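First the structure, in the form of structure tokens, and then the observations on it.
The values are calculated or read from the model by the stated rules, or taken from the named source; none is laboratory data. This is a predicted model, so every value here is computed, not measured. All Cβ positions, even for glycine, are placed from backbone atoms using ideal geometry, and neighbour counts span all protein chains on display. Surface accessibility is based on the protein's heavy atoms, side chains included, excluding ligands, DNA and RNA. Shrake-Rupley method; radii C 1.70, N 1.55, O 1.52, S 1.80 Å.
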Amino acid sequence: MELAWRYTTVHLLVLLLPSLCSDLTPAQTLDLLCSKNYLMVDIRSEKEKEKSGIPRLPSNAKNSMIAIPLEELPNKVKGIVRNSKRVEAEIAALKISYLKRINKGSNIIIMDSY
């Protein structure tokens with residue numbers, strides 16, 4: 001049942017992102033990433049990264065960031081699901097939950113375009 005725990009935790013992080021991460025400044029985020037139990041997952045699309053840039057991290061924090069772009073559902077699929085944004089968020093959460101570096105003690109910072 002560890003997978004269920006992982007999925008639920010990451011799922012909640014993605015869905016509640018604005019209320020969880022809106023107060024973190026870049027300096028606070030960097031401080032957290034330099035501690036051993038934090039991982040930043042960048043869910044921005046390549047287009048969003050080109051527009052706003054990729055953070056330059058010091059060498060002791062570079063291994064603390066991973067990119068898993070949020071994928072938009074195809075239009076055909078969007079037309080048959082109730083809430084396409086929620087489905088997209090759940091797919092991203094599932095991908096994150098399967099990362100080998102994520103375990104019960106991990107703290108995750110989600111970086112999005114907002």
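Couple of notes before you dig in:
- Within the straight-line cut-off of under 26 Å between alpha carbons, the lysines reachable from Lys62 are Lys36, Lys47, Lys49, Lys51, Lys95, Lys100, Lys104, sequence neighbours fewer than 8 places apart in one chain being disregarded.
- Accessible area in square angstrom per residue, segment 31-92, 1.4 angstrom probe: 73
- Segment 18-99: trypsin sites (Lys or Arg not before Pro) in DSSP coil with no more than 15 other Cβ atoms inside 10 Å: Lys36, Arg56, Arg82
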